[in-house]
Amino acid sequence: MDKVRSHFLVCAGGGCVASGALEFAAALRSAIDKQGLAEEIKVVETGCLGPCAAGPVAVVYPDGTFYQKLKAADAAEIVEQHLLKGRPVERLLYKKPAGDEAVPALGKLSFFKDQVKIVLRNCGLIDPTRIEEYLARDGYLALAKALTEMTPEQVIEEVKKSGIRGRGGAGFPTGLKWAFARKAQGPRKYVLCNADEGDPGAFMDRSVLEGDPHSVIEAMAIAAYAVGAAQGFVYVRAEYPLAVKRLGIAIDQARQRGLLGAKILGTDFSFDLEIRMGSGAFVCGEETALMTSIEGNRGEPRPRPPFPAVKGLWGMPSLLNNVETYAAIPMIILKGGDWYASYGTEKSKGTKVFALAGAVNNTGLVEVPIGMSLGEIVYDVGGGIPGGKKFKAAQVGGPSGGCIPREHLNVPMDYETLQELGAIMGSGGLIVMDEDACMVDVARFFLEFVQDESCGKCVPCRIGTKRMLEILERICRGEGVEGDVERLVALGNRIKDTALCGLGQSAPNPVLSTIRHFRHEYDAHIRAKRCVAGVCPELVRAPCQNACPAGVDVPGYVSLTGEKRYAEALRLHRERNPLTAVCARVCFHTCEDKCRRSTLDAPVSIRGVKRYLADQEVTVQLPEVRDNPENAARKIAVIGAGPAGLSCAYFLARLGYRPTVFEAEPKPGGMLVQAIPAYRLPREIVEREVRMIERLGVDIQTGQRLGRDFTLPGLRQQGYEAVFLGVGAPKGARLGIPGEQAEGVAEALTFLKRYNLGGAGRVGGRVVVIGGGNAAIDAARTALRLGADTVTVLYRRTRGEMPAYGEEIEEAEREGVTIRELVAPEEILVRDGKVAGVRSRKMVLGPYDRSGRRRPQPAEEAPFVVEADQVIAAIGQVLEPSEFVDGLGLKLTRQGYVEADPLTGATSIPWLFAGGDAAVGPSSVAEAVGAGERAAVGIDRFLTGEMHAFWRAEAPAAVPFDPNADPAPFPRAPMRMLPVERRKGTFQEVELTFTEGAALQEARRCLRCDYRECK
Amino acid sequence: MGDKIQSVAELKALAAKAREELEIRGAPKATVINVHMGTCGIAAGARDVLACLAAELEAAGVRDVTLRQSGCAGLCSQEPMLTLTDKNGTQFRYGKLDSARVREIVREHVVGGTAVANYLIRL
Amino acid sequence: MESGCCSCEKGREPTEQELLARLDEVLDDYAGKAGALIPVLQIAQGLFGYLPETALKRIAERLGKSYSEVAGVVGFYSFFTTVPRGRHLIRVCLGTACYVRGGKQVLDTFKSELKIDVGETTPDRLFTLEVARCFGACGLAPAIMIDEDVHHRVKPVKVRELLAPYRADAKAEVA
């Protein structure tokens, strides 16, 4: 058989070569030879295909099968199965990041589906070392057209019409630049290509040079014709040896074919091209510095004007564009400026290549129409964030750019919008960051880079960035002081105004933009000495402890548990959180999300270990209390005996105070006893820890409701010197749809409270729960236990976006709850005054909203009815502070909660402190415990002017650790659960404790991030 | 490496020639012929059928056919087999192929547009 | 461009005189061309593996530039080095996880063991020491890389042990 029937394209871009593409290609060739297929199958090494994270990748034509993560050892199997027998090798097919579904063909991948490839049109499709393949893709036809059918003015006109702007950074209109260079007078002119792509994270220029070098050569020839130049230079970074090599081959081929040199294509036009290599100076990406470097000098920028178009290389008029800009030119000439301008937005035309990197599934190069939203790029093309983590920000534009936070996921990625947000398009580096990124550290990183690369010629850049870096470094070390942020802003603005070149002027951008969007993180570093992301080494003892809202010494009590030293472990836990047994059951365990063990296998089951530990406590032990008769004599009121109030009272008591707690309901515990069902949290567990707090000298008075039984001014009159407001957010939000008042419609908190406190609650027939939070799931599972025939949860967003605890949702489904995602209620249907059903509408996902999630929108289908005998609304909780703060002038937040200093709980009224849900809206138990502790310290400081929080002193690790030992090899142990069939009709606790063996093994999985080498 | 390109016409001629070579990387053509290449098919001579088919298509100057191979179709007794999917998406399955049959299928069906009823496998 | 590790070639290392002769050939090609200095320096570094003073002087003389101008250009670009690079590159990770698990102490031990600072090369040109950011080995921090090999959980006391095989290889070669 002498006809080639299949082409096997192996990506030989830089990324894939580094992961072994060439070894695979060699093995493939030899396997093909062995099977005698050499005549039929052609192996081609192409430029970058884009999805670098999956490399080495390959495409097999004609079927378009897309393979990933290839190894030399896979070659024989592919040849035998696929090339010989026509069966693609399933296990090597590209997999969708979200699941295991294999995607057979290139065209079906979402990664490629939404892209428009103009600049990257040939990358990954042709062999860059063979000019014939470029010719087959209409190569040099644009040059031919320009030389034989167009005047230089017409060429420039076409480029102007396309609206293309410089893709290297500043975004200056390319056609205009060409017109200036044409108009300039000089004995010689030059065309230059900037391939000194230095922004960390951007590599599109490298990919074009490696994968399609002829497109740049052709474009430079066209540009030379248009502006009247005969000589060109491509300035390539020294770090790109492969690009230099391939460009060199391409230039040689073009010369041999007469496409460079004298009298090109039989016309009078002559043009030649040379490569100049950079030598590792970032500033040489700046246009004037680049030219001084080509001239053979230190690559320092020079002031503009004169602009390069007038006085550039060796004083001659010079045209400088970057690789990406040039690569689009042949298509613009061939297909017309109007065609190119049909992509993009009003002001930003065409396509832009982004280098997607960081916390995103499909890292690599993507080319999209300008104006695509950031969310679409990150989630649709990029496949979302790995590990289901949350998007925090995208850093766009490298060291000259800025960060775009979650609220702006829906903005179009065009020049103007990015500028408005304090970022820039720059060269198109797009680094995605999840919640594990510290924005202060990110700013520090970029500034360190700029400071390293500053050429030192002008003072603002050399000294100014150094001062900024010093401030950032001290903030990251936990030594920041009030006013540092203001100092950074002032310095940054001054550098912007006074630096000599683009590098210096844009150097403060990463700092200024992170301050603009993430000011709270700077404040947390400076004031609370806290790095929420767990990044800054001096502020983070261990990532789990740092992630705990109550600051519990996680590695400490986990390792003590592993040594069976349970009493000490409990004591250590209660140093920072009195509700050990409660949290062992209901904590959201943010600690586990940050557990470093997950980089090895899976996080330590910290809550599981804690549950076992809490179950070992026979008689409740009391924590260290520092008696203080002076404090004991002072009157402090705590309003609300929920987790925030209990925690505040506990820590006050440990300082020797004797606070009085006022609770509106007949039982203390707040949401712990009113909302959380007993199958998750048995009541005796709560009672036990409440009693422990009472034994410290805390007086809890139940049945005392603020506004009904007492008032704030009244407390003051009774001599209370300080008051902590921990009343929660106890009101359920209303649905706001017709029929809400009908009999059979309940609000989740009321429904749960009625059963939990009153023991009553008749449920029957078909129950529909509206909402997706924990209250919704609690209500659904409670209804099922109280005798409902069916329970259906309607949620207007997707299941993955439900705020409820994932494990709870799974358990609910196991128990028989039906969850219907993307369904929104429109009306409660009423028959004879009673609920009959819920008229609902299917939703579809629309654009991204300010919470960074896709906003649900009504689908076009007709509404449908979900039949129901009872409806429970669980769509949120609110605080109605008007009941008790009227006339006091208490400041509230925009959302209607009490405004309180997150560090001290202080409100706008000096003697009033607040924390927990009342201050931040519905949140977790651990958050409330932490807020209570901070308010207790705040109150003590308000009363005494001093800091006495002895429990905050860091204790050295109590358990020895051998850093040389290998990590314990056990996998994460799953929690044991009560069998589903035994759950119906009872409120018996569902989650069971570990066996001792399992608990000890699990505890020993801890990597002991708290351990430090001796200083 | 070739000589200098002297004119636009020469460039276009070269491009046309190069394009043929790269055709395989384009979208699938209107008609797709799949030769079944399971172990049984190969044992029965599917590789010769594939080679013959390629040669016949070439000889007949047929350009709008994508030639593919796939796994066993589950009818070992009929091997070697091919499945032809025409531009309307209708599938025709031919069995017990040899070079004479392949030639006839190319002539009658691919070029002529009429299925060769005698060799069709009816299910 | 070749990395210029001439000493790795089989057989005898070229003498400085031979290298200078080769440099002269390059200078013959470039003399008189505009903007020749940087390409010539790149080629010279490829030949020598670094830029010795003798080579710089020769380049200055042949291109008609002052030595200080040449040295100024060399100093500006980080790619150029006037000290020889080592055969093995040691990179110590100072990412967060490694930093808190003693990466800094590991780095200090390498410094004292090799008697060089970060960015420097040992006099026998066997090792160059650098600092790196995260290699993604945080679970087993602190981590270091020697050439392409990642080593986990490196302790200061293990540093000498880690270097031993490379030193032994070098000795064997000499023998």
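Residue-level analysis places A:LEU37 outside the set of residues that are at pLDDT below 80 and within 12 Å of chain B (Cβ to nearest Cβ).
The rows are residues; the columns are (1) in contact with a Gly (Cβ under 6 Å, 6 or more places away or on another chain); (2) in a helix (DSSP H, G or I); (3) more than 25 Å from C:ALA97 (Cα to Cα); (4) without any contact (Cβ under 8 Å) to a residue 24 or more places away in the chain.
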| residue | (1), (2), (3), (4) |
| --- | --- |
| A:ARG574 | no, yes, yes, no |
| A:VAL582 | no, yes, yes, no |
| A:PRO603 | no, no, no, no |
| A:THR619 | no, no, yes, yes |
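Being within 23 Å of the chain's Cα centre (by Cα) and in a helix (DSSP H, G or I) is a condition met by at least one residue of segment A:451-473.
Within segment A:75-84, being within 11 Å of another protein chain (Cβ to nearest Cβ) and more than 13 Å from A:VAL59 (Cα to Cα) holds for A:GLU80, A:GLN81, A:LEU84.
Of the listed requirements (1) at pLDDT 90 or above; (2) hydroxyl-bearing (Ser, Thr, Tyr); (3) under 24 Å from the mean Cα position of the chain (by Cα), A:SER840 misses just one: (3). Checked against (1) crowded, with 19+ Cβ neighbours inside 10 Å; (2) more than 17 Å from A:SER207 (Cα to Cα); (3) of a type outside the set (Lys, Arg); (4) more than 12 Å from chain B (Cβ to nearest Cβ), A:ALA54 passes all but condition (2).
Of all residues in segment A:396-419, those being polar (S, T, N, Q) and in contact with a Phe, Trp or Tyr (Cβ under 8 Å, 6 or more places away or on another chain) number 1. Residue-level analysis places A:LEU109 among those that are crowded, with 17+ Cβ neighbours inside 10 Å, more than 14 Å from chain B (Cβ to nearest Cβ) and at pLDDT below 90.
If I filter segment A:967-990 down to residues being crowded, with 19+ Cβ neighbours inside 10 Å and under 34 Å from the mean Cα position of the chain (by Cα), which single residue comes out as farthest from the other protein chains (Cβ to nearest Cβ)?
Filtering first and then ranking leaves A:VAL990.
Step by step: first the residues of segment A:748-806, then only those that are polar (S, T, N, Q) and within 26 Å of A:THR590 (Cβ to Cβ), then the one that is surrounded by the most Cβ atoms within 10 Å (Cβ to Cβ). Which residue is that? By that ranking, first place goes to A:THR782. Is it the case, given these coordinates, that A:ILE526 is surrounded by fewer than 22 Cβ atoms within 10 Å (Cβ to Cβ) and free of Cβ contacts under 8 Å to residues at least 12 places away in the same chain? Here the answer is no, as A:ILE526 does not meet what is asked. Residue-level check: of (1) within 9 Å of another protein chain (Cβ to nearest Cβ); (2) in a helix (DSSP H, G or I); (3) more than 27 Å from A:ALA355 (Cα to Cα); (4) modelled with pLDDT under 90, A:ARG87 misses just (2). Considering segment C:67-175, the qualifying helices (runs of 4 or more DSSP H), each wholly inside and each with 2 or more residues that are more than 9 Å from chain A (Cβ to nearest Cβ), touching a strand residue (DSSP E or B) at 6+ places or on another chain (Cβ under 9 Å) and surrounded by 15 or more Cβ atoms within 10 Å (Cβ to Cβ), run over C:104-114, C:159-174. Please indicate, with yes or no, whether at least one residue in segment A:323-339 is buried (at least 20 other Cβ atoms within 10 Å of the Cβ), among the polar types (S, T, N, Q), farther than 19 Å from A:MET220 by Cβ and in contact (Cβ under 8 Å) with a residue 60 or more places away in the chain. No. Listed residues A:VAL44, A:VAL79, A:VAL60; which is without any contact (Cβ under 8 Å) to a residue 60 or more places away in the chain and either outside any helix (DSSP H, G or I) or not β-branched (Val, Ile, Thr) (or both)? After ruling out the rest, the residue left standing is A:VAL60.
Evaluating A:VAL4 against the criteria (1) within 14 Å of chain B (Cβ to nearest Cβ); (2) aliphatic (A, V, I, L, M); (3) out of contact with any Lys or Arg (no Cβ under 7 Å at 6 or more places or on another chain); (4) surrounded by fewer than 24 Cβ atoms within 10 Å (Cβ to Cβ) leaves one unmet condition, (3).
Does any residue of segment A:64-73 turn out to be in the same structural domain as A:ALA25 (by TED's automatic domain parsing), more than 38 Å from the chain's Cα centre (by Cα) and part of a helix (DSSP H, G or I)? No - not one qualifying residue is present in segment A:64-73.
Here is a yes/no grid of residues against (1) in a loop (DSSP other than H, G, I, E, B); (2) hydroxyl-bearing (Ser, Thr, Tyr); (3) under 14 Å from A:TYR190 (Cβ atoms):
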{"position": "A:GLY280", "(1), (2), (3)": "yes, no, no"}
{"position": "A:GLY299", "(1), (2), (3)": "yes, no, no"}
{"position": "A:ARG304", "(1), (2), (3)": "yes, no, no"}
{"position": "A:LYS311", "(1), (2), (3)": "yes, no, yes"}
{"position": "A:LEU319", "(1), (2), (3)": "no, no, yes"}
{"position": "A:ALA328", "(1), (2), (3)": "no, no, no"}
{"position": "A:GLU346", "(1), (2), (3)": "yes, no, no"}
{"position": "A:ALA357", "(1), (2), (3)": "no, no, no"}
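Please count how many residues of segment A:250-307 are aliphatic (A, V, I, L, M) and either within 15 Å of A:LEU192 (Cβ to Cβ) or away from chain B (no Cβ under 11 Å) (or both). Final tally of qualifying residues: 11. If you go through segment A:282-291 and keep only what is under 34 Å from the mean Cα position of the chain (by Cα), part of a helix (DSSP H, G or I) and either more than 19 Å from A:GLY398 (Cα to Cα) or of a type outside the set (Phe, Trp, Tyr) (or both), you end up with A:VAL283, A:CYS284, A:GLY285, A:GLU287.
Note on segment A:419-450: among residues that are β-branched (Val, Ile, Thr) and assigned to a helix (DSSP H, G or I), the one that is farthest from the chain's Cα centre (by Cα) is A:VAL450. Among the residues of segment A:979-1000, the ones that are part of a helix (DSSP H, G or I) and closer than 18 Å to A:ALA584 by Cβ come to 4 in all.
If only residues of segment A:128-166 that are in contact with a Phe, Trp or Tyr (Cβ under 9 Å, 6 or more places away or on another chain) and within 14 Å of chain B (Cβ to nearest Cβ) are counted, the one that is surrounded by the fewest Cβ atoms within 10 Å (Cβ to Cβ) is A:MET150.
Restricting attention to segment A:189-209, the residues that are more than 26 Å from A:VAL360 (Cα to Cα) and of a type in the set (Ser, Thr, Tyr) total 1.
Put simply, of A:ARG574, A:ARG516 the only residue that is more than 14 Å from chain C (Cβ to nearest Cβ), crowded, with 20+ Cβ neighbours inside 10 Å and among the charged types (D, E, K, R) is A:ARG574.
Screening B:ALA15, B:ALA9 for residues that are at pLDDT 85 or above and facing another protein chain (nearest Cβ under 8 Å) leaves exactly one candidate, B:ALA15. Taking segment A:577-611 as the search range and keeping residues that are more than 19 Å from A:GLU687 (Cβ to Cβ) and β-branched (Val, Ile, Thr), which one is surrounded by the most Cβ atoms within 10 Å (Cβ to Cβ)? Here the answer is A:VAL609. Is there a residue in segment B:47-69 that is facing another protein chain (nearest Cβ under 9 Å), farther than 13 Å from A:LEU84 by Cα and among the polar types (S, T, N, Q)? Yes, segment B:47-69 has at least one match.
The values are calculated or read from the model by the stated rules, or taken from the named source; none is laboratory data. None of these values were measured; they are calculated from a predicted model. Note: ideal-geometry Cβ built from the backbone for every residue, glycine included; neighbour counts use all protein chains shown.
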